[in-house]
Each structure stands twice: as C-alpha cells, then as structure tokens.
Amino acid sequence: MIPYGLVLSDDLQKAYLDFKNKGDFDQDRVARIFHYYKGTFLTNTAQLKRIGAKVSPAMERQLQGAGYTTQSLEDLAGKTVYKIILSSDKDVFPYVNIYDDTIENNLSGCFARGDNREKAIEHIRALCKNAKMVCLYDKYIVRKGTENGNQENLKMIASLFPKKALCIVYQEGHLELDDENFLKSACDKWTFERKTTIREHHDRYLIIDDKIEIILTSGFSSLRDVTKEFTYIIRPVYHNRFESL
C-alpha cells in the first residue's frame, strides 16, 4: 500500500477531488498541490462531509474501518509520513502554504561517503549547458597552502560549464586573478565579474541565468572528493537575485 504522505486543508481537498472527479477546478491550485505530492493524501469521513464530497459506501467503510473518522487535520497529519497539511492560506507548522512557504519540495541527489559522483556531475553539467550567466558562490573553492587541491577544484568547476560565451559571477575573495586565468584556460570565451555584495543565503551554491539554483551541501570540492557525504538541491529561483548581487 502506498503510504499516506500528507493532508490537505478542506479547500484543497475539495479542489483535489474536483480534479480527480473531472469537475471544474482551478488548474494553478491543483498544479501547486501536485508540486508537493508525496504518496497519497490522507482524509477522513468528517472532512469529506464538511466539503460536501460524494463518498461511495465502499470508501466510507474503508475509512471507518481504518479509524479515519473524526480526527482534526492536525491529528491526521501526525499519521502521515511527512507530518504536514497543505494549505492555501496558513503557514504555521504543521501547515505549509502552497503559494509561498519556507518548506519546499525540490529535486535533490544524495551521496554517501565513497559514492561515485559522476551522475551529479553530468546532471549539473546538463543544467549549465545553455547558460549565459552563472553565479558561483563557495568561499572554500580555493584555500591557501592547498594549491594542488585548488587546481583540482577549479578543473571540476570548469568541467561543469559549457565551452561557449559565458559570464561567471563570483564573490570577491572567493577567487583570485590567477584562479580566473586558470579557469579561462579551459575556455577563452568565458568572462568574469567580481562582486562585493553577493547575498550569503547558503554557504555554497550555483545560480544559472537567475532561473535555477543548485545548493551544494559540502561544496564543489565534494563532486570530486568522495570522502565526505554530498547532497545537491535544485530549486527554481522565485525572484531576481542578480538584482541584489
């Protein structure tokens, strides 16, 4: 049996059932519900009655037999895998607002120590393939006294970017002129823009054309160094971050 992933607020449960039963529904709202889709949605007979849903006798017997009858939405959420309730207007836990919330459903890749990172490298490379501008933020790309490691990190970064015209934006102090030149040796069409005020909203990240953000939990070095665990998270950029760079 597919586990119950989360709970829907009454209005979202109604929108979901309208979609499921091929009735009139708000396409944007339903799309936002499915953005968070994780397993099946848990409901009970009380919620279905509140929203006026037509429930078959078989479904009602199934819910009653499982004990899903008069619980509050908060109690129902406690019985799900992710312990949250999707909402269109609330954002205080356990509610997650489908229109704007700090809890998001993003694509990620997780690698344990010793795991080969080639799939992550190929994925990031594909995301960068058509880029015109990338914002590179990682204060640990280069470190004093580790020249060999620094060059390997820079080689890894260079391997991610397309060999065509590309503007590489970075935080002042993260790269030196020698590092720029080292990267440029991989492609002389690359240009560099040093910024002094890039927002430090994560320790290490890459923003592609101000549309896609890739957060790297242990930095670019962990794409080649498998002695550390590594996770990368891909999320859309919801607002223009380059305006504040």
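Determine the per residue accessible area of the chain with all protein chains present and a 1.4 angstrom probe, expressed in square angstrom.
Averaged over the residues of the chain, the accessible area is 56 Å².
On a straight-distance basis, which aspartates and glutamates could pair with LYS119 in a cross-link, Cα separation under 17 angstrom, same-chain partners fewer than 8 positions away excluded?
Partners within reach: ASP225, GLU229.
Through the Karplus equation 6.51 cos²θ - 1.76 cosθ + 1.60, θ set to phi - 60°, convert the phi angles of the range 52-60 into ³J(HN,Hα) values in whole Hz; use x for Gly and Pro.
Per-residue couplings from phi come out as x, 6, 7, 10, 5, x, 5, 5, 5 Hz.
What are the extents of the Cα atoms of the range 57-145 along their three principal axes, listed from largest to smallest and rounded to whole Å?
Principal extents (Cα only, largest first): 67, 32, 31 Å.
Sequence gap at least 6, Cα distance under 8 Å: using those rules, report the relative contact order of the range 79-184 to the nearest whole percent.
Rounded, it is 22 percent for the range 79-184.
Can you check what the net charge comes to around TYR95, using other residues whose Cβ is under 10 Å from the Cβ of TYR95 (Lys, Arg +1; Asp, Glu -1)?
-3
Below 8 Å between Cα atoms, with a sequence gap of 6+, how large is the relative contact order for the chain in percent?
In percent, rounded to a whole number, it is 18.
Lysines near LYS189 by alpha-carbon distance under 18 Å, same-chain residues fewer than 8 away left out - which ones?
LYS129, LYS132, LYS155, LYS163, LYS164
Order the following by accessible area, largest value first: LEU17, LEU107. Probe radius 1.4 Å; ligands, DNA and RNA are ignored.
Ranked from most to least accessible, the order is LEU107, LEU17.
In terms of modelled amide H atoms, which long-range or inter-chain residues lie less than 5 Å from the amide H of ILE51?
none
Express the relative contact order of the range 1-78 as a whole percentage, based on alpha carbon pairs under 8 Å and six or more residues apart in sequence.
38
Quick one: which residues, 5+ away or cross-chain, put their amide H under 5 Å from the amide H of CYS167? H built at 1.01 Å from N.
Placed amide hydrogens put MET133, VAL134, THR191 under 5 Å from CYS167.
Kindly express, to the nearest 10 degrees and within the range 0 to 90, the angle between helix 147-160's C-alpha long axis and the longest C-alpha principal axis of the chain.
60
Report the GluC sites (Glu not before Pro) located in the range 36-107 that are in a DSSP loop and have at most 11 other Cβ atoms inside 10 Å of their Cβ, or state none.
Nothing satisfies the criteria.
Restricting to DSSP H runs of at least four residues, report the calculated mean residue ellipticity at 222 nm for the chain, -39500 (n - 2.57) per run over all residues, nearest 500 deg cm²/dmol.
-8500 deg cm²/dmol
The values are calculated or read from the model by the stated rules, or taken from the named source; none is laboratory data. All of these numbers come straight from a predicted model, not from anything done at the bench. Cβ coordinates were reconstructed from backbone atoms using ideal geometry, including for glycine residues, and neighbour counts include every protein chain displayed. Surface areas here come from the heavy atoms of the whole protein model, side chains and all, with no ligands, DNA or RNA. Shrake-Rupley method; radii C 1.70, N 1.55, O 1.52, S 1.80 Å.
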